[in-house]
Structures are given as structure tokens and as C-alpha cells.
1. Suppose we filter region 49-76 for residues that are among the hydrophobic types (A, V, I, L, M, F, W, C) and either modelled with pLDDT of 85 or more or over 27 Å from the mean Cα position of the chain (by Cα) (or both); how many remain?
2. Please count how many residues of region 1-18 are within 16 Å of E31 (Cβ to Cβ) and either surrounded by 10 or more Cβ atoms within 10 Å (Cβ to Cβ) or not charged (D, E, K, R) (or both).
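The values are calculated or read from the model by the stated rules, or taken from the named source; none is laboratory data. In this text the structure is predicted, and so the values were computed from the model without any measurement. With ideal geometry, Cβ positions are generated from the backbone for all residues, glycine too; neighbour counts draw on all protein chains shown.
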Amino acid sequence: MAQLIVRNVEEKVVKALKLRAAEKGRSAEAEHRDLLRQALLGPATGSFKEFLFTIPEGLRPRDLRRSRVPARKVRL
């Protein structure tokens, strides 16, 4: 793997990066890598842990109920 050094980054950008990383429970370096990857290569399929972090707090089982509308018939 290659290394990348970024100099002269504004302090408020560094603080925002560290805060964002902390909210996701990972290092600023891991968050930086992910931001670069998303910006340059598009969104990647994340881990199950990352998916769980996207679920809003306070979600209740009744919020996840399936529709009772019957499935439509499909001709194969």
C-alpha cells in the first residue's frame, strides 16, 4: 500500500475529520481513507458494522413491518 501525507490542512477540517471518525467509532486515518475512496472511486460496499451505524436511533420493530399488500403475479 502507498502512503499519502497531506500538509497544511486547516485545523477546523482536522477537527471535523476527528469528530466524524469518533462518531463512527474508528480512527481519523480510517475515516480519511474512506473519504478519499468515496470521493475518487464512488461509494463502496461497507461492512455490516457500518450498515448498522446507518440505522437511526430509536428505531422500533413496528417501524420495520412489511407491507400486507399481496405480491403481484409474474409471468416467467
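1. 4
2. Residues meeting the conditions: 9.
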